[in-house]
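The values are calculated or read from the model by the stated rules, or taken from the named source; none is laboratory data. Everything numeric here is computed off the predicted structure, so don't read it as measured data. Ideal geometry is used to build each Cβ from the backbone, glycine not excepted, and the neighbour counts take in all protein chains shown.
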Amino acid sequence: MISSAPPPPQPERPAGIVVSGLRKTFGSGSAAVTALRDVQMRVEPGEVVGLVGPSGSGKSTLLKCLGAVLTPSGGHMELGGQLVFDGDHWLHPDLTRLRREQIGFIFQSPYLLPFLSVRDNVALLAMLLGRSNQEARAAADQLLADLDVAHRADAMPNRLSGGEQQRVAIARALINRPPILLADEPTAPLDSPRAMAVMDLLERLAGQMGTSVIVVTHDEKILPRLQRIYVVRDGVVGEGQRERVRDAPVRFRSRRLRNT
Ligand SMILES: Nc1ncnc2c1ncn2[C@@H]1O[C@H](COP(=O)(O)OP(=O)(O)OP(=O)(O)O)[C@@H](O)[C@H]1O
Ligand SMILES: [Mg+2]
């Protein structure tokens, strides 16, 4: 018989990413550029959330603050239930370790190491976390296969097309199955089937590992794949609606053309 008693209270699971009052200013005095103003955000474990907005609005700056690549000017950030930035300083004693263990980062450019093969570019971060070379390379090969670039595993990065390099950079960000994944326009150089394959992988990681994923994008194709959207304008972040984002594709398109 099924009991009608209410289920026992579950301990609350900490959110993957919590941001409050986050600010970032570059430079000082008359040259100061305020890139982020009083940002509030919350991304649960397993959520795949989009970040959209015009060029220069602060998307990459926000991602880099979350990824401990840039130091915010103020505010608070929690990753995986741990306060990592508190007002004006990092609480984590070793930011390299924080990045390596907790955060997968797909930058707007691939930044592959030119002196390592494609396979070792992907495997390196797993080796640095203590996995054997053989194990790390096998995991790298699997991800490269998932991203349809396994046939380039032995090549050096400068022999790859832009889209292939981007897929390798995505594999590198996923190799340690990080609890936080920050992706800056991951599908920009990819055709539609490959963009969808990337989204499949991100969704799988989120669904299976409870990873919190933030995807910066101007790519209309992937908007339906995002569970929620934040919109950034002049450093201010608000909750967005997919339909409104779709209503304004021209600005996003013209920006992308200017950039390429
Ligand atoms: N290192 C820096 N020094 C000074 N200003 C910067 C720096 N990085 C970014 N900015 C400025 O901060 C603002 C936000 O830049 P950011 O790169 O975050 O924009 P974005 O939304 O990612 O744009 P895009 O869509 O073109 O990538 C811009 O005005 C930019 O010029
Ligand atoms: Mg950017």
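State the number of residues belonging to region 42-60 that are in contact with a Phe, Trp or Tyr (Cβ under 7 Å, 6 or more places away or on another chain) and more than 16 Å from ligand 2 (Cβ to nearest atom).
Counting residues in region 42-60 that are in contact with a Phe, Trp or Tyr (Cβ under 7 Å, 6 or more places away or on another chain) and more than 16 Å from ligand 2 (Cβ to nearest atom) gives 1.
Somewhere in region 31-42, is a residue more than 16 Å from ligand 1 (Cβ to nearest atom) and among the hydrophobic types (A, V, I, L, M, F, W, C)?
Within region 31-42 (the criterion being more than 16 Å from ligand 1 (Cβ to nearest atom) and among the hydrophobic types (A, V, I, L, M, F, W, C)), the answer is no, since none of the residues qualifies.
If you go through region 180-201, how many residues are modelled with pLDDT under 95 and in contact with a helix residue (DSSP H, G or I) (Cβ under 8 Å, 6 or more places away or on another chain)?
Total meeting the criteria: 14.
Hey, could you check region 223-252 for residues that are at pLDDT below 90 and within 16 Å of ligand 2 (Cβ to nearest atom) and say which is nearest to F105 (Cα to Cα)?
Result: F252.
Quick grid of which residues meet (1) aliphatic (A, V, I, L, M); (2) away from ligand 2 (no atom under 16 Å from the Cβ):
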position	(1), (2)
S109	no, no
F115	no, yes
V118	yes, yes
L129	yes, yes
N133	no, yes
A171	yes, yes
N176	no, yes
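Is there any pair with a first residue in region 51-79 that is at positive phi and a second that is part of a loop (DSSP other than H, G, I, E, B) whose Cβ atoms are under 6 Å apart and which are 6 or more apart or on different chains, and what are they?
Listed by first residue and then by second, the contacts come to G58/G235.
Considering only residues that are in contact with a strand residue (DSSP E or B) (Cβ under 8 Å, 6 or more places away or on another chain) and charged (D, E, K, R), look in region 178-203 and name the one that is farthest from ligand 1 (Cβ to nearest atom).
Looking at the filtered set, the residue picked out is E203.
Just the residues that are more than 16 Å from ligand 1 (Cβ to nearest atom) and part of a strand (DSSP E or B), please, taken from region 78-110. Break it down stepwise before answering.
Looking only at region 78-110, we keep the residues that are more than 16 Å from ligand 1 (Cβ to nearest atom), and these are 78-104.
Correct list: E78, L79, Q82, L83, V84, F85, D86, H89, W90, I103, G104.
For region 220-228, does any single residue satisfy the condition of being within 16 Å of ligand 1 (Cβ to nearest atom) and either surrounded by 15 or more Cβ atoms within 10 Å (Cβ to Cβ) or assigned to a loop (DSSP other than H, G, I, E, B) (or both)? Step through it out loud before you land on a result.
Of the residues in region 220-228, the ones within 16 Å of ligand 1 (Cβ to nearest atom) are 220, 222-223.
Adding the requirement that they be either surrounded by 15 or more Cβ atoms within 10 Å (Cβ to Cβ) or assigned to a loop (DSSP other than H, G, I, E, B) (or both) leaves 222-223.
Yes, the conditions are met somewhere in region 220-228.
The rows are residues; the columns are (1) within 16 Å of ligand 2 (Cβ to nearest atom); (2) surrounded by fewer than 19 Cβ atoms within 10 Å (Cβ to Cβ).
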position: R23; (1), (2): no, yes
position: Q40; (1), (2): no, yes
position: L66; (1), (2): yes, no
position: G74; (1), (2): no, yes
position: M77; (1), (2): no, no
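Quick check on my filter: what residues within region 132-181 are surrounded by fewer than 16 Cβ atoms within 10 Å (Cβ to Cβ) and in contact with a Gly (Cβ under 9 Å, 6 or more places away or on another chain)?
R177
Just for helices (runs of 4 or more DSSP H) wholly inside region 114-189: which have at least 3 residues that are touching a residue at least 24 places away in the same chain (Cβ under 8 Å) and closer than 20 Å to K64 by Cα?
162-174
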